[in-house]
Amino acid sequence: MQVIADLHIHSRYAIATSKDTDLEHLAFGAKRKGVNLLSTGDFGHPAWFAEMKSKLEPGPGKGVYSYRGLSWVLGNEVSTVYKQDGRTRKIHHLLFAPDLDTVGQVNDALSRFGNLASDGRPILTGINSAELAERLYSVSKDIVLIPAHAWTPWFGVFGSKSGFDSLEECYEDQAKRIFAIETGLSSDPSMNWRLSCLDRVALISNSDAHSPNLWRLGREANVFELSRLSYRNLFQAIKDKDPSRFLFTVEVDPAYGKYHLSGHKKCGVSLSPEASSKLGNRCPKCGKKLTVGVLQRVEELSDRPEGYVPKGAIPFQRLLPLYEIISYATGVRRPYVKKVIEQQDALIDAFGNEFNVLLGAPSEALCRTAGRAVADAILATRDGRMKVTPGYDGVYGFPAF
């Protein structure tokens, strides 16, 4: 069976999320998107965990749950904040558990280091990344820990502000148990392939959605072909990097991400890695420190040229949420515009779900439903012809067709 999975989302109990980010709206949005497996997200929050226990039912395979016709795995994101090697480190981690009982044990263990009810993504102090991994694996060997949005400046394992130069520096003796990293919106597999030290890990992509809206949910995802959907089969396919089971990832163009280039939002300055380095990573207008972007960090740590593809690498497909394609193709660059939503919904109704529209709908059929401009923009995105003005320092990039 084909599985399209978004393994990093949040609930309404996380800071800066939509109040509609509940199981019902997430299930509805995922089916409209074409995603058939979601992480629950935020399993550490007591109220969300109680809701999960009351609504989720045993699903198609062991460790997978079902609700409203959608499959779910039990996931969470936590933030560890600690000092190491004279620097403050703020690292985000994705956690996955094989069953609700294990989640309860994980929550008991982590509650010693932070208030789990304060945020869907709690801040843990007094524990570093290696200790976090060790404590989790002592609860269950089936727990999965994956560095979240690995390159984000402030919170990624390789981030310019508080990260490390290798998985081994961060996770120490537990690094050998880390078998995947999440690339994040500002990087894609081709950027990560430039680091030979990452050849041993799988690269996964997820939305980090803070709402069930279709321009957030599933904007990045993972596509599998599994004989049966179960917790073990899912994560074994990732760990094995088997292209017959882990087919490809869905990526937005990394230039679309908010931290792709180095820059300074306040001064409207964005710079290439070379230009930023020449300036000592200082803003040419005000002299303050730039936010060093993901592309520059990749350049700093890479030992391979641009364009290198490792043997057996899992491929990827660049896309953009349908709402945003329509928005930019029609010149309406705002969220929640009724006309754009109506065009989006008409296309989804015509082709079954958004991924069917983006990946497979024929040109003429798209044109009949949405008009030539929108059809051409969808095809340009699908075929890799979309151009993106890069994002920087918290500013999203924007496409042109």
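Remarks
- Relative pair counts by distance (%), Cα atoms of region 25-87, 10 Å bins: 19, 45, 19, 10, 7
- Relative exposure of Ser196, Ser187, Ser166, judged by other C-beta atoms within 10 Å (fewest first): Ser196, Ser166, Ser187
- Integer Hz, Karplus 6.51/-1.76/1.60 couplings in order for region 115-121, x for Gly and Pro: 7, 5, 7, 6, 6, x, 10
- Relative contact order, percent, region 322-385 [alpha-carbon distance under 8 Å, six or more residues apart]: 35
- Charge-dipole axis of the chain as Lys and Arg at +1 and Asp and Glu at -1 on Cβ define it, positive-most pick from Ala375, Ile146, Ile178: Ala375
- Taken along the Cα-to-beta-carbon direction at a fixed 7 Å, the label points for Ser66 and Val337 span 4.1 nm.
- Positive dipole terminus of the chain, leading residue within Tyr67, Ala237, Pro284 (C-beta point charges): Pro284
- Inter-site label distance for Cys286 and Lys83 at 7 Å from Cα along Cβ, in nm: 2.9
- The largest-to-smallest principal axis extents of the Cα set in region 210-288 are 57, 29, 17 Å.
- Checked against a 28 Å cut-off, the cross-linked pairs Lys33/Lys62; Lys278/Lys387; Lys53/Lys176; Lys239/Lys265; Lys141/Lys161; Lys176/Lys311 give Cα-Cα distances beyond that limit for Lys53/Lys176; Lys239/Lys265; Lys141/Lys161.
- Anisotropy class of region 322-385 from Cα gyration tensor, a/c 1.5 cut: oblate
- Among Leu217, Leu100, the order by Cβ neighbours within 10 angstrom, fewest to most, reads Leu100, Leu217.
- Dipole magnitude for the chain: about 940 debye, using +1 per Lys or Arg Cβ and -1 per Asp or Glu Cβ, origin at the Cα centre.
- Between Asp142 and Leu279, residue separation times 0.36 nm minus the direct Cα-Cα distance comes to 44.6 nm.
- Inter-site label distance for Asn356 and Lys161 at 7 Å from Cα along Cβ, in nm: 4.2
Every read-out reported here was derived from the displayed coordinates using simple, explicitly stated rules and does not represent laboratory data. Predicted, not measured: the structure shown is a model, and the values here were computed from it. Cβ atoms come from the backbone with ideal geometry, glycine included; neighbour counts cover every protein chain shown.
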